[in-house]
Amino acid sequence: MNNTSINEFINLKWNGGEKPIIQPPSFSPVIADPSFLFPHETPSKEWILYAHSAWGIHEYASKDGTTWNDKGLKTANAMRPFLRKINDNKYVLLYEKYSPFALPMQILPGKRIWNSHIEMKQSSDLLKWNKPSVIIEPSLEWMKDFKLGKSVSNPCLVENEGTYRLYFSASLAFIDDCGFCEPKYIGIAEAGNLNLPFNISPMPVIDPENDTLQGVVGSGSIKVIKMSDGWIGLQNKIYHDSNGSSRSAIFILSSRDGKVWDSARTEPLIQPDLGWKKSHVYACDCRFNNADGRWYLYFNARDEWKITKGKERIGRIVSM
């Protein structure tokens, strides 16, 4: 069980992340938005990780959490997966579903109107999945942009005192020097159980206009972890640096109730530097492993700005 406090998490020391551990598959410039399970959670007793390429969501398996084998495309025309074991015999997979081939078509000249929703499916063995159900649609005005489209994405499901809370990104902000969009807001929805509709809060819980970091243009995504005395949020904010270049870095937020968020520290946990992390550090998944008492964080990063040049790969850091 995770008994870590907010302050203990903020003060963790980490190592790793110097080199990527998962490269994009063939015919895709990206592998992104990892979500993973520990060996004690999986039927095969392997590490299992889901991430998306330009074509959809892939499954990866590993004996040690560092060397990964691509098990192939599992869900087409989908991205930004979130995978969890929610009880002794059930797994849930949530993801952003988009129109066929809409993601690879973003590389073509001109802007295309985006339209996506969040789906969920369940499994008892990670092999057979039930028919997906739509759980969040871009139904509120702040989830839409007149010029860019309608979007809900980046699901993060957490259990909270017998109920479920879903964090998600919504709407779009166009990033000029990249030539593609990033999520603008972060919202929240709640349900008594997974068979009930999620009730969406009427307004975003994170808005870039209210961010204390200068130059923020998009809220990116957030992964939320319940701590012993509150909540930690790991948010990859989209912002412009002092030279006007777009950036993304993973920042630590804290909250007492999981709804009102504050910056936990000014410096990012992971930020762009050189090589495979040259331009942007994007979404992550972070979990505590009871087997060895350490935190594991998988993330993806980008090495160039322009959509036609950059590649995205997956790396990992581990608490010391």
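The values are calculated or read from the model by the stated rules, or taken from the named source; none is laboratory data. Just so it is clear, the structure is predicted and the values come from calculations on it, not from any experiment. Don't worry about glycine lacking a Cβ; one is built from the backbone with ideal geometry, like all the others, and counts go over all protein chains shown. Note: accessible area is taken over every heavy atom of the protein model, side chains too, but ligands, DNA and RNA are not part of it. Shrake-Rupley method; radii C 1.70, N 1.55, O 1.52, S 1.80 Å.
So, in Å, what gap is there between the alpha-carbon centers of the range 263-318 and the range 102-127? Centre-to-centre (Cα) distance: 22 Å.
Each other residue within a Cβ distance under 13 Å of I57 adds +1 if Lys or Arg and -1 if Asp or Glu, for a net charge of 0. Probing with 1.4 Å while keeping every protein chain in the model, the per residue accessible area of the chain equals 45 Å².
Which entry in (i) 165; (ii) 141; (iii) 126 is this structure's computed volume of the Cα convex hull per residue in Å³? So the calculated entry is the one marked (iii).
Taken along its principal axes, the alpha carbon cloud of the range 1-80 reaches lengths of 42, 28, 22 Å, longest axis first. Sum up the lysine pairs in the range 131-250 that clear both bars: alpha-carbon distance under 13 Å and a spacing of 8 or more or different chains. Lysine pair count for the range 131-250: 4. Modelled this way, with points 7 Å down the Cα-to-C-beta line, the labels at N199 and D241 are 4.5 nm from one another. Contact order for the chain, expressed relative to its length and based on alpha carbon pairs under 8 Å spaced 6+ residues apart, stands at 16 percent. The relative contact order of the range 151-245 comes to 23 percent, based on Cα pairs under 8 Å that sit 6 or more residues apart.
Applying Stokes-Einstein at 4 °C and 1.567 mPa s to the Kirkwood radius of the range 91-206, computed over alpha-carbon pairs, gives a translational diffusion coefficient of 86 µm² s⁻¹. Near D285, once Lys and Arg are set to +1 and Asp and Glu to -1 for all other residues with Cβ below 14 Å from its Cβ, the sum equals +4.
Using a probe of 1.4 angstrom, how much of the accessible area of the chain is carbon and sulfur, in percent? The computed percentage sits at 50.
The residue list A54, C284, G192 was ranked by how far each Cα lies along the charge dipole of the chain toward its positive end, using unit charges on Cβ atoms, and A54 comes out on top.
Placing unit charges on the Cβ atoms only, positive for Lys and Arg and negative for Asp and Glu, gives the chain a dipole magnitude near 700 debye about its Cα centre.
The chymotrypsin sites (Phe, Trp or Tyr not before Pro) of the range 80-159 meeting both criteria, a DSSP state outside H, G, I, E and B (loop) and at most 10 other C-beta atoms within 10 angstrom of the site's C-beta, are F146. Cross-link reach is defined here as a Cα-Cα straight distance under 23 Å, omitting same-chain residues fewer than 8 places apart; for K63 the lysines meeting it are K19, K45, K71, K74, K85, K90, K128.
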